[in-house]
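Enquirer: A single structure is presented below for examination.
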Amino acid sequence: MSGKVKGRSAANADSMAGRVSCDERILRDIHQLYTEADSGLIPVAESVGVKLLPPRKKITVMLMGNHSAGKSSFINWYVEEHIQRTGVAIETQGFSFVTSGRKRESLTGNATLHLYPHFKPLQEFKGVSEYLSTEICTSRQKRFSLVTFVDSPGLVDGDMKYPFDVDEVILWLGELCDLILVFFDPMGQALCKRTLNIVESLNEKHGDRLHFYLSKADEAGGESDRQRVMMQIVQELCKRPGLNKCGFDMPTIYIPNPNKPSRCVNQIEEVCRAIEKTINQTVQNTLNSLEKDCELICEAITDKLISDRQNSLQNRRARCQSCFLSLLGFCIPLALLALLLLGTLSKELLDMALGQQGRETLSLYLTPVVKIYDSLSGEQQLYSCGGLVLLSFLLLIVARFALRTRPTLSGKQKRQLQEKLEYIQEVVKTKKKNLYEEYLRQSVSDHDMDL
């Protein structure tokens, strides 16, 4: 890189700490709320069986189109640094990520996937890992601090072979990208069938993310030539069932060059506005997701505490039932033993032990049982005693099974859950409210917010 670029990079690096936008600070603070080691929402959620993903601190913008469509040139213009090589689109067969950082650096392959863990599934596509790269620069121009660009390979028809399934990879990336910019080059293969096929597939699920632009519009000749090229592209797009929609918008854009003035209307700021709108929407979605995740965690903690109380109540009932059955099981053989002992004792011994009144009372209650027992034959008496003993064993076995209890939380665990619930409700939700107010203050006055 030239000395001029290095000097600028150093200057940008020095100013990064002081020039952090409100949106960047909000996304950074929310990301920290999720990822803090001890009190972050992710570890708190995992402790109650809820899985959360941390929000990204930047939006991802993918640029796609035919070769020489000006994708790399647009990135260079947006960051105001010469980051991406231009003019070699056909040879650029890999995916290049361009993001802001503390110093100028180039990463390749595995380092790129380590930097972007949510893109690690790209490894499943054969041959892709070797064609991934990341360019980190210190530019703070426009909203670049909140954007990660994905520069895709130039798309061509014919015998051009890619080292991986470029169509499938672009479609997969389209699932994760927040914005997809499609550049059509009027001087190249703007009507490349590969490009149109991918665009049609992306439009089926992510039509709201797609934005179409006629790039290099200043090289398309006169106004009539530009209109003719644009009409051809729009007609070709409308032939596709999935793309046939009214009011097809395709702004004309080109990289402004003071040394090469053009009378062509340049709508390149429309691209910047699309990026700006996506950033604003992402901030709002992230704040809304934070609130939903807080509610989800609070609900999970509350459900766990309620479930623990129900388990404790169920355990108490089980213990009471077990105690009753065990007592009954022990009382039957004890009663038989008492009857046998009382039958062998004389009235004098009973009077000495219980007194006359006590003996008469005991006789009153036991006489019916003794009569029934005496009315049985010897064999029947033996079977009756055996049956009562067997019943006693059955009651003890049932009591053992009735004592099965459910796991409950310890006092320490319940206190920890209660502390987490209070932390979410009092700290995180308050922080989320303050962040939302900070975001709204950018466009709404304090009077309108009733602050």
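The values are calculated or read from the model by the stated rules, or taken from the named source; none is laboratory data. No experiment lies behind these values; they were computed from the predicted model shown. Virtual Cβ from ideal backbone geometry, glycine too; neighbours counted across all protein chains shown.
Enquirer: Residues in region 163-175: is at least one surrounded by fewer than 22 Cβ atoms within 10 Å (Cβ to Cβ), in contact (Cβ under 8 Å) with a residue 60 or more places away in the chain and in a loop (DSSP other than H, G, I, E, B)?
Expert: Yes: one or more hits.
Enquirer: Scanning region 387-430 for residues that are of a type in the set (S, T, N, Q) and over 25 Å from Lys292 (Cα atoms), which turns out surrounded by the most Cβ atoms within 10 Å (Cβ to Cβ)? Give the derivation first.
Expert: Of region 387-430, the ones of a type in the set (S, T, N, Q) are 392, 405, 408, 410, 413, 416, 418, 425, 430.
Restricting the remaining residues to those that are over 25 Å from Lys292 (Cα atoms) gives 392, 405, 408, 410.
On the way: Ser392: 19, Thr405: 15, Thr408: 15, Ser410: 9.
Step by step, filter region 387-430, then rank; the result is Ser392.
Enquirer: Could you go through region 149-158 and let me know if any residue there is farther than 18 Å from Lys216 by Cα, modelled with pLDDT under 85, assigned by TED's automatic domain parsing to the domain that holds Lys71 and surrounded by fewer than 19 Cβ atoms within 10 Å (Cβ to Cβ).
Expert: yes
Enquirer: Right, next: Looking at Leu237, Leu202, Leu191, Leu196 in this structure, which one is in a loop (DSSP other than H, G, I, E, B), of a type in the set (A, V, I, L, M, F, W, C) and touching a residue at least 12 places away in the same chain (Cβ under 8 Å)?
Expert: On the way: Leu237 fails: in a loop (DSSP other than H, G, I, E, B); Leu202 fails: in a loop (DSSP other than H, G, I, E, B); Leu196 fails: in a loop (DSSP other than H, G, I, E, B).
Unique residue meeting the criteria: Leu191.
Enquirer: I've got another one for you. Scan Ile279, Ile268 and give me the residue that is over 30 Å from the mean Cα position of the chain (by Cα), farther than 30 Å from Leu421 by Cβ and among the hydrophobic types (A, V, I, L, M, F, W, C).
Expert: Ile268
Enquirer: Follow-up question, since we're still on this one. Within region 1-77, considering only helices (runs of 4 or more DSSP H) that don't extend past its boundaries, which have at least 2 residues that are closer than 30 Å to Val169 by Cα and modelled with pLDDT of 85 or more?
Expert: Once the helices (runs of 4 or more DSSP H) in region 1-77 are filtered for at least 2 residues that are closer than 30 Å to Val169 by Cα and modelled with pLDDT of 85 or more, what remains is 22-35.
Enquirer: Among the helices (runs of 4 or more DSSP H) confined wholly to region 340-451, which include 1 or more residues that are within 60 Å of the chain's Cα centre (by Cα) and at pLDDT 85 or above?
Expert: Answer list for region 340-451: 411-422, 429-440.
Enquirer: Take Met250 and tell me if it is of a type in the set (A, V, I, L, M), exposed (fewer than 13 other Cβ atoms within 10 Å of the Cβ) and assigned by TED's automatic domain parsing to the domain that holds Arg194.
Expert: Spelling it out, it is not the case that Met250 is of a type in the set (A, V, I, L, M), exposed (fewer than 13 other Cβ atoms within 10 Å of the Cβ) and assigned by TED's automatic domain parsing to the domain that holds Arg194.
Enquirer: Restricting to region 124-147, and then to whatever is small (Gly, Ala, Ser) and not in a helix (DSSP H, G or I), can you tell me which residue is modelled with the highest pLDDT?
Expert: Among those residues, the one meeting the criterion is Ser133.
Enquirer: Can you report the number of residues in region 111-132 which are in contact with a helix residue (DSSP H, G or I) (Cβ under 7 Å, 6 or more places away or on another chain) and surrounded by fewer than 17 Cβ atoms within 10 Å (Cβ to Cβ)?
Expert: 5
Enquirer: Yes or no: region 282-296 includes at least one residue that is touching a Ser or Thr at 6+ places or on another chain (Cβ under 9 Å) and at pLDDT below 90.
Expert: no
Enquirer: Take the residues in region 176-197 that are at pLDDT 85 or above and surrounded by 19 or more Cβ atoms within 10 Å (Cβ to Cβ), then tell me which one is farthest from Glu270 (Cα to Cα).
Expert: Out of the qualifying residues, it is Cys177.
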